[in-house]
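All of the numbers you see were taken from the coordinates with simple rules; none came from a lab. Just so you know, these numbers come straight off a predicted model, no measurement behind them. When we count neighbours, we look across all protein chains shown, and the Cβ atoms used for this are built from the backbone with ideal geometry, even at glycine.
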Amino acid sequence: MTEASPNQLSEMWPGLLAEIQAANHILLASHVNPDGDALGSALAFSFVLDQLGKSHEVLFHHPAPKYLNFLPGIERITNQPSGKPADLAIVVDLEAIGRIGETIYPAIAAAKKLVIIDHHQPNERPGDIRIVSTKSPATAAILADLWLPNNIEISPEIATLLLVGILTDTGNFRYPNTTPHSMHVAADLLEAGAKLTAINEAIYLTKPLPAVKLFGKALSNLRLAADNQVAYTTLRQSDFTNSGAIEEDTEGFVNELLAIDTVRMAAILRESASGRIKISIRSQGPIDTTQVAKQFGGGGHINASGAHSDETIEVAAEKLVEAMVQCLASS
Ligand code: 5GP
Ligand code: MN
């Protein structure tokens, strides 16, 4: 079942709780380049495991982006598994095993049982136990549905972490994945003591200067296609070096391109230090970005997906725009 309702999700908690209670040691993890939902969900789960008195580790291949360093419990994340045998790995916000990251993958693979809690379009369907709902706007919203009706005490820390996941994955309730239920859940989290002002200060009202300079470069590299309905831009390593920006500073750029009034599908291609090209694609309405991402071996959600390419940034951009124009024409 990938369209579980909030009630169906809440009914899945006792089974998962039994697995947790039977485990001696648990690993929590999520995807590479963690975002607000990945970190918020994993750290919220860490506080819940504390409540349940369970020994556990929170494993992430990459460190947290700076703008999420304010998250309660952020000091818990590590990319160095202790090596202690684990009965259970609970991996949140993940649809493809390759996105766990190689530093922590062996530890996750060695756990006796794998639980996946996720809201992406199912891809490889990993996991012995899968709690997946594509109707939920965030993995954090799924966790809220597991815990709020089931007598888990939602501390201000847990409430803040879950709200971060919901806010960042809904673009502060601007994206079409926002549901009435997710707004009710957010209200419950505020009542439980979520620190909304601190979240907004850290995530939305603060921008590093190098990020603003890099955005200027992204705008000056802007290209349009299909009667201005497709927008895309490229950022090379030299653009990062010249502005002093780092990869995480590109967060949100592609959404700014999508905000151009004529644009229905937007993408950004950025060159990482290794030379690999990271692609982010966004769309409006029924235009399915996963159709494009899949052509590059990636995936994601209908309106937001991503992929990687080993071609040069020029070749990747050319292929990408062709795929986007074609996707738009067939939508
Ligand atoms: P972003 O563009 O913000 O990196 O990613 C948007 C969405 O696309 C994420 O929700 C993520 O699940 C998905 N995504 C990003 N990169 C990849 C990738 O390389 N492979 C797959 N399968 N999905 C990706
Ligand atoms: Mn998510």
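Here is how the numbers come out for the structure above:
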{"quantity": "Whether segment 169-279 is rounded, prolate or oblate, judged on the alpha carbon gyration tensor where a/c under 1.5 counts as rounded", "calculated": "oblate"}
{"quantity": "Segment 6-203: C-alpha gyration tensor shape, a/c 1.5 cut-off, then a/b vs b/c", "calculated": "rounded"}
{"quantity": "Karplus-derived HN-Hα couplings along segment 263-277 (A = 6.51, B = -1.76, C = 1.60, θ = phi - 60°), whole Hz, x at Gly and Pro", "calculated": "8, 10, 8, 9, 8, 10, 10, 10, 8, 8, 4, 6, x, 5, 9"}
{"quantity": "Charge dipole (debye, nearest 20) of the chain; +1 at Cβ of Lys and Arg, -1 at Cβ of Asp and Glu", "calculated": "360"}
{"quantity": "3J(HN,Hα) from dihedral phi, segment 287-299, Karplus parametrisation 6.51/-1.76/1.60, rounded to Hz, x for glycine, proline", "calculated": "6, 8, 5, 5, 4, 7, 4, 4, 5, 10, x, x, x"}
{"quantity": "Descending principal axes extents, segment 1-100, alpha-carbon based, whole Å", "calculated": "36, 31, 27"}
{"quantity": "Rg to Rh, two decimals, where segment 210-330 supplies the alpha carbon set and Rh follows Kirkwood", "calculated": "0.94"}
{"quantity": "Loop-located chymotrypsin sites (Phe, Trp or Tyr not before Pro) in segment 154-246, at most 12 other Cβ atoms within 10 Å (DSSP)", "calculated": "none"}
{"quantity": "³J(HN,Hα), Karplus 6.51/-1.76/1.60, whole Hz, each residue of segment 76-89, x for Gly, Pro", "calculated": "6, 7, 8, 9, 10, x, 6, x, 5, x, 10, 7, 9, 10"}
{"quantity": "Potential lengthening between Asn228 and Lys84 on full extension [0.36 nm per residue; Cα-Cα distance subtracted]", "calculated": "46.4 nm"}
{"quantity": "Proximal lysine pairs, the chain, alpha carbons under 20 Å, eight or more residues apart or interchain", "calculated": "16"}
{"quantity": "Total formal charge among the other residues, if their Cβ is under 14 angstrom from that of Val185, Lys/Arg +1 and Asp/Glu -1", "calculated": "-4"}
{"quantity": "Estimated Rh, the chain: Kirkwood, alpha-carbon pairs, angstrom", "calculated": "20.3"}
{"quantity": "Net charge over other residues, Cβ less than 12 angstrom from the Cβ of Ala225 (K, R count +1; D, E count -1)", "calculated": "-1"}
{"quantity": "Sites Val315 and Lys213 - FRET efficiency at Förster radius 30 Å, r taken between beta-carbons, to 0.05", "calculated": "0.65"}
{"quantity": "GluC sites (Glu not before Pro) within segment 205-307: DSSP coil, no more than 16 neighbouring Cβ in 10 Å", "calculated": "none"}
{"quantity": "Debye, to nearest 20: dipole size of segment 234-331, +1 on Lys, Arg Cβ, -1 on Asp, Glu Cβ", "calculated": "260"}
{"quantity": "Value of relative contact order over the chain, rounded to a whole percent, pairs C-alpha under 8 Å and six or more apart", "calculated": "13"}
{"quantity": "Other-chain or far-sequence residues with amide H under 5 Å of Lys113's (modelled H)", "calculated": "Leu88, Ala89"}
{"quantity": "Cα centroid separation, segment 52-71 to segment 276-312 (Å)", "calculated": "27"}
{"quantity": "Counted charge near Pro85, where neighbours are those whose Cβ lies closer than 14 Å (Asp, Glu -1; Lys, Arg +1)", "calculated": "+1"}
{"quantity": "Between segment 199-275 and segment 143-187, the alpha-carbon center distance in angstrom", "calculated": "28"}
{"quantity": "Assigned charges on the beta-carbon of Lys, Arg, Asp, Glu; segment 6-203 dipole about Cα centre (debye)", "calculated": "240"}
